[in-house]
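Written out below as structure tokens is the structure these notes cover.
Every read-out reported here was derived from the displayed coordinates using simple, explicitly stated rules and does not represent laboratory data. Given the structure is predicted, the values throughout are model-derived calculations rather than measurements. We place every Cβ from the backbone using ideal geometry, glycine too, and count neighbours over all the protein chains shown.
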């Protein structure tokens with residue numbers, strides 16, 4: 001006897017509860033029985049995919065997960081509604097992530113060759129693209145799981161942003177708070193003078209949610225164990241455990257002495273997360289408006305060349321980033337003297353609402369400056385690993401592979417932050433950043449015409465040399481956030497490599513002069 005969709009939905013809720021209680025075999029039997037009584041019911045077939053993936057993951061049964069993924073992939077092209085497409089992509093992403101968890105995590109660096117992780121990442125992104133129609137409960141789960149996928153690949157800063165976006169939906173979402181704390185702690189060691197504060201912040205965040213029921217419901221016992229272990233690790237770093245209970249205070253930066261432009265600059269960069277630091281506990285403080293992260297090296301005491309040679313690379317990267325960031329902010333700040341300077345250059349009005357002026361030029365220069373940093377990151381990797389590549393032929397898209405195989409120096413490093421940079425390269429190669437790449441190619445080799453977003457429809461068109469202003473601005477900010485992440489991964493990659501040299505012997509810290517000469 002067939003069952004109504006309302007009754008099927010009630011049965012699905014019962015099966016979901018059984019899965020939540022860890023009774024996977026019983027849940028599978030009920031699902032099979034429900035399907036046998038309702039063959040070809042589209043409502044059940046849609047929900048079956050996610051249920052099977054959860055059951056297969058719980059039972060660690062590869063075949064169940066693969067069956068679910070196959071059904072989901074076959075059903076996806078027939079789904080029109082964005083909400084249901086987002087849900088199916090989310091389920092598929094979880095399925096691929098589960099397959100990786102079953103096999104890939106036996107070797108933490110197996111994701112380098114893992115199709116499952118790449119497919120999970122792709123499906124999470126497709127889900128996010130369509131999830132405006134979803135309810136908030138699903139949205140926050142999608143964002144957290146996408147963050148988990150990025151974290152697995154080593155892209156922990158971007159994962160942190162995804163957890164933050166989930167917390168904007170529900171500030172009390174325990175699994176997002178816990179995973180965000182783990183991401184913070186991962187970068188604490190390259191945060192210089194804020195290292196202790198970040199560990200304390202991470203510890204306090206974990207402690208605030210460690211006994212919450214929804215932590216187990218959404219993350220399972222394994223997540224709670226991971227968070228408890230992180231708490232113990234942080235506790236071991238502090239002789240005085242009372243410090244971990246310290247209420248962190250964030251001194252608000254003094255705006256009273258800033259010019260109007262400086263204030264605009266600070267506010268814009270804070271809002272877009274463009275400063276190179278991890279002081280994200282509180283935006284409106286002195287620690288949040290500086291770029292302190294830098295490499296640290298372990299060298300022979302009489303080696304006075306290696307650090308300064310590599311430091312010049314990092315100086316150039318950070319200098320280029322700071323200048324490009326300044327150009328970006330200047331492009332958004334109207335001022336009379338810039339208006340007057342712009343008018344001194346004769347530019348033809350082509351009568352189609354295209355825009356050519358100083359501010360558009362600043363935005364274009366900011367984009368080019370940010371994009372070029374990726375090649376400088378490749379140049380640093382070549383120098384650090386002594387790859388001996390021809391200097392004139394080093395680019396971010398060719399530093400990684402030789403004859404379609406990852407270079408041995410990179411593969412054998414087993415360095416998660418270096419692999420994060422490689423994964424950014426893969427995103428470019430697979431077309432995820434194609435819009436950014438097209439803009440760069442147009443600016444560098446041809447022309448990019450920017451059109452008024454209000455008076456034209458170019459924001460809704462896909463063209464390689466014409467673009468709406470709002471789309472161009474959005475893609476520029478996306479590029480800056482990507483480049484910031486890449487710089488952070490570069491710094492952390494060096495930190496990981498240098499820590500391998502520390503065999504427990506005496507390491508004498510050496511100070512460096514950071515004076516700027518104007």
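Quick one: order 213, 60, 139 by neighbouring beta-carbon count within 10 Å, fewest to most.
On the way: 213 8, 60 12, 139 22.
In increasing order of surrounding Cβ atoms, one gets 213, 60, 139.
Counting other Cβ atoms within 10 Å as a rough exposure proxy, the listed residues 391, 252, 83 run 391, 252, 83 from fewest neighbours to most.
Could you sort the peptides 118-125, 446-453 by per-residue average Cβ neighbour count (10 Å cutoff), highest mean leading? Show your work: numbers first, answer last.
Details: 118-125: 21.9, 446-453: 17.0.
Highest mean packing first, the order is 118-125, 446-453.
Note on 59, 31, 418: ascending count of other Cβ atoms within 10 Å places them as 59, 31, 418, the fewest first. From its DSSP helices (H runs of at least four residues, each -39,500 (n - 2.57)), the chain gives a residue-normalised ellipticity at 222 nm of -20500 deg cm²/dmol.
Taking label positions 7 Å along the Cα-Cβ direction at both residue 251 and residue 323, the computed distance is 3.2 nm, reported to one decimal. Between helix 62-75 and the chain there is an angle of about 80 degrees, using the helix long axis and the longest principal axis of the Cα atoms. Normalised by residue number, the volume inside the convex hull of the Cα atoms of segment 249-317 is 133 Å³ per residue.
Within segment 1-78, all pairs of alpha-carbon atoms sorted by distance into 5 Å bins from zero give the percentages 3, 17, 28, 25, 18, 8, 1.
Each label was represented as a point 7 Å from its Cα along the Cα-to-Cβ direction; for residue 70 and residue 316 these points are 5.3 nm apart.
Model label points for residue 345 and residue 225, set 7 angstrom from Cα along the Cα-to-Cβ axis, are 6.1 nm apart. For segment 1-133, what class follows from the C-alpha gyration tensor (a ≥ b ≥ c being the square roots of its eigenvalues): rounded when a/c is under 1.5, otherwise prolate if a/b is larger than b/c, else oblate? It comes out oblate by the Cα gyration axes.
For the chain, the longest principal axis of the Cα atoms and the long axis of helix 358-384 meet at an angle of about 80 degrees.
For the pair segment 116-137 and segment 19-75, the centres of their Cα atoms are 20 angstrom apart.
Principal axis extents of the C-alpha atoms in segment 85-194 (largest first, rounded to whole Å): 46, 34, 19. The ratio of the alpha-carbon radius of gyration of the chain to the globular-protein estimate 2.2 N^0.38 Å is 1.07. For residue 26 and residue 412, a Förster radius of 51 Å and the Cβ-Cβ distance give a FRET efficiency of 0.65, rounded to the nearest 0.05. Looking at the chain alone, DSSP beta bridges between its own residues are antiparallel in about 60 percent of cases.
Calculate, in nm to one decimal, what residue 308 and residue 82 gain on full extension: separation in residues at 0.36 nm each, minus their alpha carbon distance. Write down the numbers at each step before the final one.
Numbers: separation 226, 0.36 × 226 = 81.36 nm, distance 5.30 nm.
Here the segment from residue 308 to residue 82 would lengthen by 76.1 nm.
Counted residue by residue at 0.36 nm each, then reduced by the alpha carbon distance between them, the extension gain from residue 171 to residue 444 reaches 94.0 nm. By the Cα gyration tensor, segment 418-518 has an equivalent ellipsoid whose semi-axes, rounded to whole angstrom, run 41, 18, 10 from largest to smallest. Considering only alpha-carbon pairs that sit under 8 angstrom and 6 or more positions apart, the relative contact order computed for the chain is 10 percent. Between segment 313-330 and segment 152-210, what's the alpha-carbon centroid distance in Å? Cα centres, segment 313-330 to segment 152-210: 27 Å.
One chain, two ends: residue 461 and residue 238. Fully extended at 0.36 nm per residue, the span grows by 74.7 nm beyond their Cα-Cα distance.
Tell me, rounded to the nearest percent, the portion of alpha carbon pairs in segment 293-499 spaced more than 22 Å apart.
On the way: 11819 of 21321 pairs.
Percent of Cα pairs beyond 22 Å in segment 293-499: 55.
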